[in-house]
Amino acid sequence: MPWIQQLGRTGIDFVSRLGHAVVFLLHALSGAFRCLPRFDLVVQQLYSIGVLTVLIILVSGFFVGMVLGMQGYYQLVNFSAESSLGLVVALFLVRELGPVLAALLFAGRAGSALTAEIGLMKATEQLSAMEMMAVDPMKRVIGPRFVAGIIALPLLAAMMSAIGILGGYLMGHGQFGVDSGVYWSSMNEGVDLVDDVLNGIIKSIVFGFVVTWIALFEGYDAIPTSEGVSRATTRTVVTSSLAVLGGDFILTALMFGGL
Amino acid sequence: MVEVSDVQFGYDGREVFSGLNLRIPRGKVTVVMGPSGCGKSTLLSFIGGRLRPGKGSVRFDGDEVPYGAGERLYAMRRNMGMLFQSSALLTDLTVFENVAFPLREQTDLPESLIRILVLMKLELVGLRGARELLPSSLSGGMARRVALARAIVLDPAMIMYDEPFVGLDPISMGVIVKLIRELNDALGLTSIVVTHDVREGCSIADYVYLLGNGQVIGHGPPEEVMQSEQPETRQFMQGLPDGPVGYHYPAEDYLADLRGPG
């Protein structure tokens, strides 16, 4: 029964790969702690995976905020509740869309770049050369990128939420005439620092950790050929997007669902 | 300097070494030759501690190579340099920063001293003027010279060259051949050169090992190996298309194959 064999092989491959990923994570965490004294390496990576992702985050966040403002107004006005527009936009962004969309864009922009970079470093023997120079790639290459990813995503998510709220305000106030003071004060009263903002930050830290882990592992584990690196890059985007969406469901259930 | 004793190794059901024995003498240029896929680069991976042999032992400077032993392995590697076939320069760093990389990572030397050391090594390989270039602007020969400068910047006792002549034009090849010999003699290094280029290899070798069938099939001074009558050695050294290493990949009978299954 070949399909049973195939199923078994797929299962074994999955578990084996997961095992490799966990072992890699332990090495990467060790590298991340050991690279902290050389924070300049982390700052370099913050620039390439964080700062260079800011533009796409801001543009996307602005459009998402405007759409939220529009859709929110159309629904709320039916119940004469347009005064809650600011609160609705803010909660959507801070709790969900900010962390999740920022993580998806981060996976597509920075995650794929990380995988391709590490995969090509492996294919061109740069990682082997470092090992032969008695330089641990986990400390010199992987660690700084890991730390930078975990720091960068919460900041990007915060930027996305902020610009989205601004976009919602422009639509609500500029287009539909929602009172400016009401828009901001409903947000001020309804958004809780711990329940909403802190939980959103925790989500984006978790997503930053997961996406960076997947991106670095896929690059480090890539078959060192052009096709291998290409496949690894694709896997990074697909796997981290699924992990973010699945992880968001679990985190939301834990944080807001009373599970 | 290096002793490889009774090493056995294989992967995916294929045997690469079936009892490999060789000794790399200190202060000499030892050239390891053999056809593609005979395990020459694997041998360098054993010596550098990047790959663990299935059986047997590999000793460097009297000590067993400590496979997988983090800091002890790194301590040993600080005493050996390696030139990769692809040069393996860090593509985001300039020539100067590539050569300075081991110094910055391994030492606390002040910037002024690092500058002097890097310029001295770049002068040795003739690329002091190219210090600000990025690896993408270098030719294959230049990249290999930069990698060579980087490999010797910590003054190792031994340097390993993995196929240093591949893909070079005759001038660049001549430069690399000259550098390997001169650096070995001037810096008192021990050099292991893995190559399948017979002419270039023999021109700089003090001693030659020829690998085949998972073992050493010939060794000695280059003139001696060149004149060997042993069939495998003779076929390789003289580049004969047929011999003990067959021209044809193993296949079923030719006529039967042409007739097909019908």
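Residues in region B:122-147 that are surrounded by 13 or more Cβ atoms within 10 Å (Cβ to Cβ), farther than 15 Å from residue B:94 by Cα and not small (Gly, Ala, Ser): 2 in all. Applying the criterion of at least 3 residues that are among the hydrophobic types (A, V, I, L, M, F, W, C) and within 22 Å of the chain's Cα centre (by Cα) to the helices (runs of 4 or more DSSP H) found wholly in region B:179-261 leaves B:198-204. Restricting region B:74-83 to residues that are surrounded by 18 or more Cβ atoms within 10 Å (Cβ to Cβ) and more than 7 Å from chain A (Cβ to nearest Cβ), the residue that is nearest to residue B:1 (Cα to Cα) is B:80. Is it true that residue A:31 is within 28 Å of residue A:136 (Cβ to Cβ), surrounded by 15 or more Cβ atoms within 10 Å (Cβ to Cβ) and of a type in the set (Gly, Ala, Ser)? Yes; evaluated as a whole, the condition is true for this residue.
Please specify each residue of region A:27-66 satisfying the condition of being under 14 Å from residue A:146 (Cα atoms) and of a type in the set (Gly, Ala, Ser). Of everything in region A:27-66, those that are under 14 Å from residue A:146 (Cα atoms) and of a type in the set (Gly, Ala, Ser) turn out to be A:28, A:30, A:31, A:32, A:48, A:50.
Of the residues B:150, B:131, B:145, which single one is over 18 Å from the mean Cα position of the chain (by Cα), among the basic types (Lys, Arg) and farther than 14 Å from residue B:28 by Cβ?
Working: B:150 fails: over 18 Å from the mean Cα position of the chain (by Cα); B:145 fails: over 18 Å from the mean Cα position of the chain (by Cα).
Step by step, each of B:150, B:131, B:145 is checked, and only B:131 is over 18 Å from the mean Cα position of the chain (by Cα), among the basic types (Lys, Arg) and farther than 14 Å from residue B:28 by Cβ.
Taken together, the criteria place residue B:86 among residues that are small (Gly, Ala, Ser) and buried (at least 18 other Cβ atoms within 10 Å of the Cβ).
Residues that are closer than 25 Å to residue B:195 by Cβ and of a type in the set (Lys, Arg): find the helices (runs of 4 or more DSSP H) completely inside region B:64-178 holding 1 or more of those. Write out each step before concluding.
Values: elements: B:70-77, B:95-106, B:111-124, B:140-152.
Result: B:70-77, B:111-124, B:140-152.
One residue is enough: does region B:18-25 have a residue meeting the conditions more than 23 Å from residue B:222 (Cβ to Cβ) and either more than 9 Å from chain A (Cβ to nearest Cβ) or touching a Lys or Arg at 6+ places or on another chain (Cβ under 8 Å) (or both)? Scanning region B:18-25, I find at least one residue that is more than 23 Å from residue B:222 (Cβ to Cβ) and either more than 9 Å from chain A (Cβ to nearest Cβ) or touching a Lys or Arg at 6+ places or on another chain (Cβ under 8 Å) (or both), so the answer is yes. Condition check for residue B:119 on (1) hydrophobic (A, V, I, L, M, F, W, C); (2) buried (at least 18 other Cβ atoms within 10 Å of the Cβ); (3) away from chain A (no Cβ under 14 Å): one failure, at (2). Screening the candidates A:105, A:87, A:97, A:91 for the property of being at pLDDT 95 or above, away from chain B (no Cβ under 14 Å) and either more than 21 Å from residue B:135 (Cβ to Cβ) or part of a helix (DSSP H, G or I) (or both) yields one hit, A:105. When residue B:59 is tested against the conditions (1) facing chain A (nearest Cβ under 8 Å); (2) surrounded by 14 or more Cβ atoms within 10 Å (Cβ to Cβ); (3) outside any loop (DSSP other than H, G, I, E, B), the lone failure is (1).
On the basis of being without any contact (Cβ under 8 Å) to a residue 60 or more places away in the chain, surrounded by fewer than 16 Cβ atoms within 10 Å (Cβ to Cβ) and under 17 Å from residue B:94 (Cβ atoms), does residue B:105 make the cut? In short, no.
In this structure, is residue A:144 within 14 Å of chain B (Cβ to nearest Cβ), touching a helix residue (DSSP H, G or I) at 6+ places or on another chain (Cβ under 9 Å) and at pLDDT 90 or above? Yes, satisfied.
The values are calculated or read from the model by the stated rules, or taken from the named source; none is laboratory data. Predicted, not measured: the structure shown is a model, and the values here were computed from it. Methodologically, a virtual Cβ is constructed for each residue, glycine included, from the backbone with ideal geometry; neighbour enumeration extends over all protein chains shown.
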